[in-house]
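The values are calculated or read from the model by the stated rules, or taken from the named source; none is laboratory data. Small disclaimer: the values here were computed from a predicted structure and weren't measured. Neighbour counts run over all protein chains shown; Cβ positions are idealised from the backbone, glycine included. The accessibility values were calculated without ligands, DNA or RNA, using every heavy atom of the protein model including side chains. Shrake-Rupley method; radii C 1.70, N 1.55, O 1.52, S 1.80 Å.
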Amino acid sequence: MTVNPELLALGELSLHGRLVAASNGTYQGSVSLDGETATVVYKPIEGERPLWDFPDGTLAQREFAAYVVSEALGWSVVPPTLLRDGPLGEGMVQLWIDEAELGPGETELVDIVPQGRVPDGWVGVLDALDGRHNPVTLVHADNDALRRMAVFDAVVNNADRKGGHVLNPGDGRVYGVDHGVTFNADDKLRTVLWGWAGEPIPPGLLDDVRRLADQLAGGLGQQLCELVTAVELTATRERCSTLLKTGTFPYPSDDWPAIPWPAF
């Protein structure tokens with residue numbers, strides 16, 4: 001999805017309302033410039049809740065850093081995002097993504113199904129019990145867009161890939177949102193996209209990661225150092241190296257919960 005960069009950066013930002021389900025201050029709004037308007041998400045830095053394991057920088061900076069890496073990979077996993085001033089101060093502004101309406105029999109790209117009934121074209125993640133103690137399986141679609149997202153999450157060390165953070169606009173693309181808890185130097189990967197753990201990463205995706213690793217040693221690394229710490233940048237480069245060395249989707253860590261809670 002493309003948008004005029006000047007619209008996001010220079011457009012007048014007006015707020016429509018607060019998204020009350022978000023744990024940090026998150027607002028839906030719009031930016032308008034020269035007769036052009038777009039709906040956006042705005043997360044002011046002043047609305048962030050301190051996190052013990054992300055003491056450096058801001059969550060807004062990490063959201064923007066995730067977008068920078070997504071663009072460097074050429075994958076457009078993250079909607080257009082930037083840092084700018086707004087009605088409540090500096091924060092993250094991101095293009096709003098409208099999801100497609102589901103037709104009869106269609107489901108989201110991440111879902112819960114009765115245990116043992118993983119549909120064709122889907123992969124199982126884990127078996128569990130639902131709120132009524134029925135055996136169920138967490139599943140996600142088996143497609144290239146989600147494979148890119150899973151590798152992207154491994155690169156940026158995403159600690160919060162919930163099912164609700166996977167957006168399907170219905171045009172063949174898949175977007176991920178809410179990347180405030182990324183780039184930690186410790187392994188904190190938590191995701192609902194574990195269905196390919198241990199399987200080979202497609203060669204084309206590895207080629208993109210290799211190019212990213214080269215960029216991280218140059219200008220891209222310098223840009224990210226303004227958004228995350230030098231230690232976190234080094235850890236990002238090491239994660240790229242690990243993916244290139246193993247050539248496989250990572251397994252969950254034994255030292256950190258593998259699935260975010262809630263999962264959706």
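Please enumerate the residues belonging to segment 36-58 that are in a helix (DSSP H, G or I) and in contact with a strand residue (DSSP E or B) (Cβ under 7 Å, 6 or more places away or on another chain). Residue satisfying the conditions is I45 alone. Across segment 23-50, which residue is surrounded by the fewest Cβ atoms within 10 Å (Cβ to Cβ) among those that are among the aliphatic types (A, V, I, L, M) and more than 18 Å from E90 (Cβ to Cβ)? Among those that are among the aliphatic types (A, V, I, L, M) and more than 18 Å from E90 (Cβ to Cβ), it is L33. Answer yes or no as to whether V155 is in contact with a Cys (Cβ under 8 Å, 6 or more places away or on another chain), modelled with pLDDT of 95 or more and buried (at least 18 other Cβ atoms within 10 Å of the Cβ). When the stated conditions are applied, V155 passes them. Pairing residues of segment 185-205 that are without any contact (Cβ under 8 Å) to a residue 60 or more places away in the chain and more than 16 Å from V155 (Cβ to Cβ) with residues that are assigned to a loop (DSSP other than H, G, I, E, B) and open to solvent by 20 Å² or more (accessible area, probe 1.4 Å), at Cβ distances under 9 Å and at least 6 apart in sequence or on separate chains, gives G198/P250; G198/Y251.
Scanning segment 122-136 for residues that are in a loop (DSSP other than H, G, I, E, B) and on the phi < 0 side of the Ramachandran plot gives D130, G131, R132, N134. Total residues in segment 5-22 satisfying the condition of being open to solvent by 60 Å² or more (accessible area, probe 1.4 Å) and in a helix (DSSP H, G or I): the figure is 3. Applying the criterion of being touching a strand residue (DSSP E or B) at 6+ places or on another chain (Cβ under 8 Å) and of a type in the set (S, T, Y) to the residues of segment 168-201, the residue that is nearest to V110 (Cα to Cα) is T191. Residues that are open to solvent by 40 Å² or more (accessible area, probe 1.4 Å), over 19 Å from A258 (Cβ atoms) and small (G, A, S) do occur in segment 162-179, at least one of them. The condition of being crowded, with 16+ Cβ neighbours inside 10 Å and in a strand (DSSP E or B) holds for only one of V69, V139, V113, that being V139. The test for being surrounded by fewer than 23 Cβ atoms within 10 Å (Cβ to Cβ) and within 18 Å of R148 (Cα to Cα) holds for G74.
Scan segment 74-110 for residues that are among the polar types (S, T, N, Q) and part of a loop (DSSP other than H, G, I, E, B) and jot them down. Across segment 74-110, the qualifying residues are S76, T107. Here D144 meets each of (1) more than 18 Å from the chain's Cα centre (by Cα); (2) open to solvent by 50 Å² or more (accessible area, probe 1.4 Å); (3) not hydrophobic (A, V, I, L, M, F, W, C) with one exception, condition (1).
Has segment 59-66 got at least one residue that is in contact with a His (Cβ under 6 Å, 6 or more places away or on another chain), of a type in the set (A, V, I, L, M), crowded, with 21+ Cβ neighbours inside 10 Å and over 19 Å from D98 (Cα atoms)? Yes, segment 59-66 contains at least one residue that is in contact with a His (Cβ under 6 Å, 6 or more places away or on another chain), of a type in the set (A, V, I, L, M), crowded, with 21+ Cβ neighbours inside 10 Å and over 19 Å from D98 (Cα atoms). Could you please let me know if L82 is touching a Pro at 6+ places or on another chain (Cβ under 7 Å) and over 19 Å from G164 (Cα atoms)? No, not satisfied.
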